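Step one of this worksheet: look at the structure below.
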Amino acid sequence: MKLIFMEYLASLDERGELDVVMPDLLSETGMTVLSKPGIGTKQYGVDVAAIGKDADGTRKVYLLSIKPGDLKRADWDTGLQGLRTSLNQIKDVYIPRLIPKRYADLPIVVVLCIGGDLREDVRDDVNGYMDTSSSEAVQFDLWNGDHLSELLLSGILREKSLPSTWQSDFRKCVAMVDEPQIAFAHFCRLLHDIASQCRRTRPARLTAIRQMYIALWTVYVWARGTGNIEAPFLCAERAVLVSWPLIKDYLSGKSKAARGLTASMERLVTLYRLISADYLAKNVVPRAPVRHGLASAVPSQASLDVNIRLFDVLGRIGLHGLWELHAYHVLQQSDQSDDAEQARKALSETADLLIYAVRNNPVLWTPIKDNQAVDIDIACLFLNKLGHDEFIRWWIGQVTRATVFAFNNNAAYPCVFNDYRDLLNHPRDGDAYRTEATAGSILVPTLAVWSSLTGDAETLRHLAEFTSGPFRHSTLQLLYPGSDTEQHLYEGTSGHGLNANGFTIPESPNEMLSLIRSECNASPAFNSLSVLEFGLWPLIVLACRHHRQPLPPHFWPIEETS
């Protein structure tokens, strides 16, 4: 286990990775963190400052200067970016001027914190510097990857706070990162063990979130080294969903633990978004602008595999865009204009990426599973918020025509089956089979709503005729949140919410939207979902995508078209 963490720490970068992990690690070992890394602020060599006790119980001030990976000669003394320069700034400026007065009488330990090891070519230089710079009041120490691994095992991931099965599941997850579904299964068991044995106190919940965070980081770094980050993507989605029910009732108040829970949840979401962005950058961005680029990248020649994979990617792009939109609004509200402008540009790029993916891969016009409506809905919701209604109108028209044509000609029409073997044998002959395969539909109502929202009366009329004719046996369904949705949404438990069944599709867009609007007004449970109180509305979309549940109709911009 120690070797796993040593490899993990050595692979972390300084900015945004190793320096982000260290405050949580120090907190869990009993230290009080005074300052954390900041962007755009003068730090005078100190990345993290903390108060803690040494092995003898003496209270000290710890000033950490962090460098990623191994410390080489080029990293030690190379101008402004060298570690020696940072240590000199700590001695000359930080210690005499910036340590709070209430801690001024405490002994000081300046820590050279490196994720890897100290290289031989610079060992004597570093040891000599520490010996000559140390005094009775100021000591210098080196924390390398071996020492940090001990802190991980004794602190944030200490065995006594975890179930006995955690080491096995964690090792297997890391070892199987090239087999995403297997790694994901072991990670899910680890998350379940952490959550199920967590006590009902804020400090215990904070420890649990930090454990999940460090475990996810470790899986991501190992997978990143293999060039396959599918496993950490799946693990990140599940970690965020498992974390929210664990902490949502403990976030209120101004206590240190409550603030810590909020900050830890934000870091977990940030890590999930980092993994999502990395996944898209490596797998989607280079291929989406190329005709059939995404389809040809699927490692299978089976049309079913290509279809399933591309609709999954479609949902990932749309959801990533919605998280970017959420971040953009947060930056706007906090008057961070420069960061908001960068976020706006990222939003535009993600929308272009999604449009490229759909235009260049016609397989995304032909869903094979009815629940692929979830991915279509997420993509349309994102594009709508960025003003791409004309593209939505065109795309929904394409999907509608393809769906009706496939059903009428007994081709690969959308079905209710999800089992891979059932999908391989789909479609089969016989009216009884066709009735069973299309017994219900969330796809057709979703197409009807988006055609109405974009003013496409012709496509809506086409759907109305289809559902009153050859498709009349199918039960059209919409799922609205109910009083039990809060309890089951994030865990993906089936059977929650309220189904609106058996309605007919009118030929008028206004009538269609009026129907949805009245149902939304009659089901106010949506507004009581906990994530809305804390402004994390994309988490609802994440839960729906991850667990293959329809999005609440309340997300549709129905009021804007009334």
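The values are calculated or read from the model by the stated rules, or taken from the named source; none is laboratory data. In this text the structure is predicted, and so the values were computed from the model without any measurement. Glycine also receives a Cβ, built like all others from the backbone with ideal geometry; neighbour counts cover every protein chain displayed. The accessibility values were calculated without ligands, DNA or RNA, using every heavy atom of the protein model including side chains. Shrake-Rupley method; radii C 1.70, N 1.55, O 1.52, S 1.80 Å.
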- Query: Mind checking whether some residue in the range 136-144 is of a type outside the set (Asp, Glu), within 23 Å of residue 9 (Cα to Cα) and touching a Lys or Arg at 6+ places or on another chain (Cβ under 6 Å)?
  - Reply: no
- Message: Considering only the range 495-507, I want to know if a residue exists there that is in a helix (DSSP H, G or I) and either within 20 Å of residue 553 (Cβ to Cβ) or out of contact with any Pro (no Cβ under 7 Å at 6 or more places or on another chain) (or both).
- Response: no
- Which condition number does residue 444 fail, the rest of (1) farther than 18 Å from residue 401 by Cα; (2) open to solvent by less than 50 Å² (accessible area, probe 1.4 Å); (3) touching a helix residue (DSSP H, G or I) at 6+ places or on another chain (Cβ under 7 Å); (4) not in a strand (DSSP E or B) being met? (1)
- Item | Close pairs from the range 281-293: first among the acidic types (Asp, Glu), partner open to solvent by 80 Å² or more (accessible area, probe 1.4 Å), Cβ under 8 Å, at least 6 apart | none
- Item | Among the candidates 218, 201, 226, residue that is among the hydroxyl-bearing types (Ser, Thr, Tyr) and touching a residue at least 60 places away in the same chain (Cβ under 8 Å) | 218
- Task: Filter the range 392-409 down to residues that are open to solvent by 50 Å² or more (accessible area, probe 1.4 Å) and over 15 Å from residue 367 (Cβ atoms), then give me how many there are.
- Result: 4
- Qualifying positions in the range 394-420 - assigned to a loop (DSSP other than H, G, I, E, B) and closer than 15 Å to residue 373 by Cβ: 413, 414, 416, 417, 418
- Query: With respect to the numbered conditions (1) under 30 Å from residue 32 (Cα atoms); (2) at pLDDT 95 or above; (3) of a type outside the set (A, V, I, L, M, F, W, C), which one is the sole condition not fulfilled by residue 267?
  - Reply: (2)
- Task: Please specify each residue of the range 494-531 satisfying the condition of being open to solvent by 50 Å² or more (accessible area, probe 1.4 Å) and under 28 Å from the mean Cα position of the chain (by Cα).
- Result: 494, 495, 498, 524, 527, 528
- Query: Just checking, how many residues over the range 249-261 are open to solvent by 10 Å² or more (accessible area, probe 1.4 Å), part of a helix (DSSP H, G or I) and either at pLDDT 95 or above or of a type in the set (A, V, I, L, M, F, W, C) (or both)?
  - Reply: 1
- Pair list, Cβ under 9 Å, 6 or more apart: the range 495-510 residue more than 15 Å from residue 444 (Cα to Cα), other residue open to solvent by 80 Å² or more (accessible area, probe 1.4 Å) and at pLDDT below 90: 510/562
